[in-house]
Amino acid sequence: MQSKTSLFNKQLLKQDLMSAGWIGIVYFAGLFFSLPLNLMMLESDERRNYSFNSLFDSNAEIQLFLLYIIPVLVAVFLYRYMHVKNAADFIHSLPITRRKIFNHHFLIGIALIVMPLLLTAVTLSLMLPAMDLYMIYTQTDIWEWFGVSVAFSLLLFSAGVLIGMFTGVSAVQGVLTYIFLLFPAGILVLIYSNLDVLLDGFPSSYYQLTNVDLYSPLTDFVDMYDWKFHGWKFSIYMLLSLVFYVLAWFVYHKRPAEASGQPLAFHQVRPIFKYGVTTCMMLFGGFYFDQTDNHFGWIVFGYIVGSLIGYLVAEMVLQKTWRVFGKWKGYVLFLAVAGAVILLLSFDVTGYEKRLPEAEQIESVYFNENPMYYSDERSTKNIRDMAIEDPRIIRQVQKLHQQLIEQSSSILPDDRSNEEKLFFSYQLKNGKMINREYYIDLDETYEQYLKPIYESREYKEIKNRILTMDENDFGNLVISSEFDRSSSTSIVEKTEIKEALQQLKQDIYDQKYEEIVHPSDTMAYIEVPEEENMFYQLPILRSYENFQSWLKNQGIYDQTIIQADDISYAVILDERDESQDVYETLYEEKNGDNGLVTENKQKIGRILETVTSEHYGTEDSSHYYAGFYLEGENNPVVRPISKANVPAFVTDYFGDK
């Protein structure tokens with residue numbers, strides 16, 4: 001009589017522990033070094049202060065490496081018998097059903113992953129009262145770390161097992177597992193980047209930087225420092241692990257016995273693999289040349305070269321030989337289909353480029369040089385909160401958008417370095433959003449459309465958050481010199497803080513279009529509170545006359561704003577005479593042979609008045625650059641000189657050369 005077989009077969013268990021048991025030992029050793037041992041060392045060093053946001057902060061890089069590698073290694077080694085013909089024949093000849101064989105390996109894999117995590121968690125739990133570590137972590141932190149690590153590890157393990165069912169080579173299983181997990185986020189980035197090339201107005205940066213990382217566990221999990229793992233995400237990870245397990249179990253039963261040693265076990269999957277790799281490489285080729293050259297001709301070249309490389313590599317993998325250069329029929333067919341799709345997108349058959357919402361459909365519009373980049377679920381809410389609601393300004397935005405549509409071109413410009421990015425986000429009354437993004441030259445072509453928008457009170461309040469802040473939010477007002485950030489003045493009197501901020505706000509409200517587009521140089525910074533114990537530095541421009549007058553009336557202008565007397569000497573260079581970047585030249589030496597060196601305080605003061613913002617390459621800058629050397633400093637502060645205000649002694653000097 002045939003005896004019943006238990007879920008765990010002793011021979012299979014012995015084989016699994018011999019082939020993959022060492023991974024569990026290595027995993028526990030790595031975790032013990034990263035957490036308990038590291039905490040012991042930190043606690044024993046009385047000179048060292050440390051704190052963690054979560055237990056993932058303890059040797060975070062090592063933990064991340066282990067979490068990314070160990071689950072996939074377990075999947076590869078436990079199911080390696082499928083990739084070796086003799087081993088596969090032997091295992092499947094045993095009096096055990098395929099279902100029990102598969103489940104046995106899967107459960108052993110779970111044990112090899114979960115047991116090291118559980119032992120580490122128990123060790124941390126025992127250390128907590130024994131070493132009085134309650135100021136560092138709590139029992140809740142331990143089991144939260146354990147739960148998150150288990151959910152992530154099981155997702156990677158089950159994905160590795162699923163991919164292993166489709167291939168007959170262990171190395172291919174490991175590589176394809178990471179490709180499979182990265183694919184959703186990676187393909188979205190490639191698609192968005194290429195649509196930016198093919199569709200005028202497509203807001204690629206908005207879509208790329210708004211939650212794209214959530215579509216892959218590998219990118220979603222990488223930021224361990226501000227990491228929040230919500231309950232819904234834990235549920236999704238566990239559900240996906242279950243789905244991958246069921247799919248892997250189903251495919252395991254359908255897997256042909258002769259698949260060992262084959263890159264792909266199923267012939268039906270080969271075309272998907274071949275043309276999938278070709279498509280991804282084509283998109284990557286276009287993306288690469290868009291980022292490096294940004295010229296449409298080179299982007300098309302990238303499409304062709306990328307797709308060709310992808311097709312050949314896929315064929316080499318499938319045929320297991322490099323002699324595939326005679327198989328062109330499939331590539332020609334792919335090129336024809338891909339070319340048709342690209343042409344259809346370029347000709348805007350969907351009407352995407354010309355789609356502009358009617359005024360009566362618009363509730364508000366967010367308009368700025370850049371999208372509000374938020375990598376969480378609040379992105380839409382924040383854009384709505386900072387949107388323009390004034391119907392008059394909305395009409396101006398529509399006029400600008402219509403002008404951009406009429407002058408749009410599907411061919412990319414040769415250079416975008418001097419162009420401004422404009423982002424539109426229409427919030428419609430039906431709850432939908434329409435987002436667009438353009439690059440334009442800030443010249444007279446668009447001035448009549450941009451001027452009323454930029455000078456409007458509502459737009460300025462969106463651009464400058466300080467305008468809507470209460471003066472009482474400032475416990476003190478710290479003003480730092482632009483040239484020497486270590487030098488600062490702090491104002492603590494409430495009345496003085498209020499007066500200073502009122503003058504600053506008035507300067508911002510008074511700004512004209514020309515000053516907004518081509519700002520003068522920064523003379524100082526003030527610290528603006530952002531979050532609890534967090535600040536950002538707001539630049540104070542030299543054109544802010546009200547704020548300058550207030551500083552002078554308070555008698556702190558000279559000690560806050562850099563003066564000509566504070567500068568040892570200045571060097572002016574003509575960019576046309578330089579064989580290298582003027583910033584590099586000025587950092588190396590005075591360069592008296594090629595530039596104008598002056599220690600005259602009057603001339604230095606005149607130059608200070610005419611330099612523009614440090615935004616390199618702005619249209620307002622001339623080809624002259626000034627390097628200011630402070631007393632006792634070797635490195636200069638470099639600024640371009642305003643095109644409209646080049647001092648006469650500068651043009652006289654370089655004109656005589």
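The values are calculated or read from the model by the stated rules, or taken from the named source; none is laboratory data. Please read all numbers here as calculations on a predicted model, not as lab measurements. Ideal geometry is used to build each Cβ from the backbone, glycine not excepted, and the neighbour counts take in all protein chains shown.
Among residues of the range 592-611 being part of a loop (DSSP other than H, G, I, E, B) and at pLDDT 85 or above, the one that is nearest to the chain's Cα centre (by Cα) is Glu599.
Considering only residues in the range 630-641 that are closer than 18 Å to Asp581 by Cα and in contact (Cβ under 8 Å) with a residue 40 or more places away in the chain, the one that is surrounded by the fewest Cβ atoms within 10 Å (Cβ to Cβ) turns out to be Asn635.
Being closer than 17 Å to Tyr629 by Cα and of a type in the set (Phe, Trp, Tyr) is the filter here, so list the residues in the range 540-574 that pass it. Lay out the reasoning, then the answer.
Start the filter on the range 540-574 by keeping residues that are closer than 17 Å to Tyr629 by Cα, which leaves 561-573.
Selection gives Tyr569 alone.
When the range 59-80 is examined, which residues are found to be touching a residue at least 40 places away in the same chain (Cβ under 8 Å), of a type outside the set (A, V, I, L, M) and out of contact with any His (no Cβ under 7 Å at 6 or more places or on another chain)? Step through it out loud before you land on a result.
Step one: of the range 59-80, the residues touching a residue at least 40 places away in the same chain (Cβ under 8 Å) are 60, 63-64, 67-68, 70-80.
Right, trim to of a type outside the set (A, V, I, L, M) and you get 63, 68, 71, 77, 79-80.
Scanning the range 59-80 gives Gln63, Tyr68, Pro71, Phe77, Arg80.
Within the range 134-176, the set of residues being over 21 Å from His104 (Cβ atoms) and of a type in the set (Gly, Ala, Ser) comprises Gly147, Ser149, Ala151, Ala171, Gly174.
What's the number of the condition Tyr206 fails, among (1) under 27 Å from Ile70 (Cα atoms); (2) out of contact with any helix residue (DSSP H, G or I) (no Cβ under 8 Å at 6 or more places or on another chain); (3) at pLDDT below 85? Here Tyr206 clears every test but (1). The residue list Ala159, Ala130, Ala121 contains one member that is within 30 Å of Ala87 (Cα to Cα) and in the same structural domain as Tyr81 (by TED's automatic domain parsing), which is Ala159.
For the range 52-109: of the residues being outside any helix (DSSP H, G or I) and in contact with a helix residue (DSSP H, G or I) (Cβ under 6 Å, 6 or more places away or on another chain), which is surrounded by the most Cβ atoms within 10 Å (Cβ to Cβ)? The selected residue is Tyr79.
With respect to (1) more than 30 Å from Gln448 (Cα to Cα); (2) in contact with a Ser or Thr (Cβ under 9 Å, 6 or more places away or on another chain); (3) not aliphatic (A, V, I, L, M), the lone exception for Asp577 is condition (2).
Close Cβ contacts (under 7 Å, 6 or more residues apart or on different chains) running from residues in the range 326-345 that are under 16 Å from Val305 (Cα atoms) and in contact (Cβ under 8 Å) with a residue 60 or more places away in the chain to residues that are hydrophobic (A, V, I, L, M, F, W, C) and assigned to a helix (DSSP H, G or I) comprise Ile342/Leu198. Please identify the pairs in which a residue from the range 1-20 that is farther than 13 Å from Gly109 by Cα has its Cβ atom under 7 Å from the Cβ atom of a residue that is at pLDDT below 80, counting only partners at least 6 apart or on another chain. Qualifying pairs under 7 Å: Thr5/Ile96; Asn9/Ile96.
For (1) assigned to a helix (DSSP H, G or I); (2) within 26 Å of the chain's Cα centre (by Cα); (3) closer than 18 Å to Lys327 by Cβ, each residue gets a yes or a no:
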| site | (1), (2), (3) |
| --- | --- |
| Tyr252 | yes, no, no |
| Gly261 | no, no, no |
| Ala265 | no, no, no |
| Gln268 | yes, no, no |
| Pro271 | yes, no, yes |
| Thr278 | yes, yes, yes |
| Gly286 | yes, yes, no |
| Asp290 | yes, yes, no |
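No other residue among His267, His230, His253 is closer than 30 Å to Gly306 by Cα and surrounded by fewer than 21 Cβ atoms within 10 Å (Cβ to Cβ) apart from His267. Of all the criteria given as (1) more than 30 Å from Met433 (Cα to Cα); (2) part of a helix (DSSP H, G or I); (3) of a type in the set (Ser, Thr, Tyr), the one not satisfied by Thr167 is (2). For Glu614, the conditions (1) within 25 Å of Leu477 (Cα to Cα); (2) modelled with pLDDT under 75; (3) in a helix (DSSP H, G or I) are fulfilled apart from (3). Do the conditions hold for Val148, that is, is it part of a helix (DSSP H, G or I), in contact (Cβ under 8 Å) with a residue 60 or more places away in the chain, over 30 Å from Tyr288 (Cα atoms) and under 28 Å from the mean Cα position of the chain (by Cα)? Yes: the conditions hold for Val148. Considering only residues in the range 533-572 that are without any contact (Cβ under 8 Å) to a residue 40 or more places away in the chain and small (Gly, Ala, Ser), the one that is nearest to Met469 (Cα to Cα) turns out to be Ser543.
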